[in-house]
Amino acid sequence: MPAPTPAINERLDGICKRQTARFLDHLEATRQTTPRLEADIKRVFGFVFSDVKQALQENCPEASNANAEPR
């Protein structure tokens, strides 16, 4: 039996973390980062993905169980 597909919110959280890390790694590699900039970037990515999750829940009927494990 295949592993259950992660709920949409879990997938979006993973994407948010991965893309935030990729961007911060780029900034660090190019010596453009500061602790304050890192905190601001994490905050912005968090806001964006929170808004995406909210929009999905409001506009996609199948997202009503976005936090539930698939059956």
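The values are calculated or read from the model by the stated rules, or taken from the named source; none is laboratory data. The model shown is predicted, which means the values in this text are computed figures rather than measured ones. All Cβ positions, glycine included, derive from the backbone under ideal geometry; neighbour counts span all protein chains shown.
Among the residues of the stretch 1-28, those identified as over 14 Å from LYS53 (Cβ atoms), modelled with pLDDT of 90 or more and either of a type in the set (Phe, Trp, Tyr) or in contact with a helix residue (DSSP H, G or I) (Cβ under 9 Å, 6 or more places away or on another chain) (or both) are GLN19, THR20, PHE23, LEU24, LEU27, GLU28. In the stretch 38-45, the condition of being at pLDDT below 95 and among the β-branched types (Val, Ile, Thr) is met by no residue.
Of all residue pairs spaced 6 or more apart or on separate chains, none has beta-carbon atoms under 8 Å together with a first member in the stretch 54-65 that is farther than 12 Å from LEU12 by Cβ and modelled with pLDDT of 70 or more and a second member that is loosely packed, with under 10 Cβ neighbours inside 10 Å and among the charged types (D, E, K, R).
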